[in-house]
Amino acid sequence: MRKRIVSPSMLSADFGHLDRDTRMIDRSAAEWVHIDVMDGVFVPNISFGFPVLKAITSATDKFMDVHLMIVEPEKYVERFAQAGADLVVFHWEATEDPKGCIELIRRSGAKVGISIKPKTPVEVLDDLLPLVDLVLIMSVEPGFGGQSFIEGSTDKVRALRRMIDERGLDVMIEIDGGVSRHNAAELYEAGCDALVAGSAVFKAADPEAEIVAILNA
Ligand code: DX5
Ligand code: ZN
């Protein structure tokens, strides 16, 4: 069985108590921490940037999974690696030059991830798959936490898992948006390695127990 990872999304944390919430995740069974960077151009929302990433990084030793929802990511990927990103994920739709962006992340020493929006088919990634460590499938339109899971997303995971396995590649699959303990089992079984969960974790009465529930779904 594939190893299961949960990546709680700090977008749903309480920013008045960011240190407390980060330390809670640090104690938890989650291996990764998901950081959503939004520029108000690629998506209709603005979240946070380098100083907040640095504050989170200094409060935890977990693997920093940084999801860039910004146009022209090639301008910033190196700075995100320097600010503590262990994995830098950019959007296929956000750049004219995905290969150049992959190369910049690679040279910065971080792991490389590429993400596609719900309406983008997995086939666009065909020639890029051998170059990346991870594909992030968006299961909501990027921009906001708390949205409902888009149903066809599980089929995209299955199709992508087949593409990866048929070619004998070592590429992880992560899914982001509307994930909870109720769909976690199906998503891991469809071929996901990592599940991002924002509101499911942070709105739970006991976030640490919720992370365990997702891992054991
Ligand atoms: C949305 C972000 C997600 C978001 C997920 O654009 O990429 O990471 O935080 O939130 P939930 O889990 O609440 O759907
Ligand atoms: Zn995200």
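Here are some notes:
- Paramagnetic label reach from Q82 (point 7 Å along Cα→Cβ; backbone nitrogen cut-off under 14 Å): within region 52-66, residues 54.
- Label-point separation in nm, R107 to H17, each point 7 Å along Cα→Cβ: 4.4 nm
- Working note: Cα gyration tensor of region 105-217, eigenvalues times five, square-rooted, sorted largest first, giving semi-axes of 24, 15, 14 Å.
- Cβ crowding within 10 Å averaged over residues, with 198-208, 162-172, 114-124 ranked highest first: 198-208, 114-124, 162-172
- With every protein chain in place, region 75-190: carbon and sulfur % of accessible area (1.4 Å): 46 percent
- Normalised per residue, the accessible area of the chain is 43 Å², obtained with a 1.4 Å probe and no contribution from ligands, DNA or RNA.
- Separation of the M1 and N216 label points, Cα + 7 Å toward Cβ, nm: 1.2 nm
- Magnitude of the charge dipole for the chain, about its Cα centre and with charges confined to Cβ atoms of Lys, Arg (+1) and Asp, Glu (-1), is about 300 debye.
- Set of region 125-167 residues, backbone N closer than 11 Å to the point 7 Å along the Cα-Cβ line of A29: none
- Per the Debye formula on identical point scatterers at the alpha carbon atoms of the chain, with no solvent, log10 I(q)/I(0) at q = 0.12, 0.18 Å⁻¹ is -0.56, -1.37.
- Note on the chain: antiparallel DSSP beta bridges, both residues inside, total approximately 5 percent of the bridges counted.
- Using a probe radius of 1.4 angstrom, the carbon and sulfur fraction of the accessible surface of region 1-48 is 53%.
- Full extension of the segment from E189 to L129, taken as 0.36 nm per residue of separation minus the current Cα-Cα distance, would add 19.5 nm.
The values are calculated or read from the model by the stated rules, or taken from the named source; none is laboratory data. The model shown is predicted, which means the values in this text are computed figures rather than measured ones. Using ideal geometry, Cβ is built from the backbone for each residue, glycine included, and neighbour counts are taken over all protein chains shown. Side chains included, ligands, DNA and RNA excluded: accessible areas come from the protein's heavy atoms. Shrake-Rupley method; radii C 1.70, N 1.55, O 1.52, S 1.80 Å.
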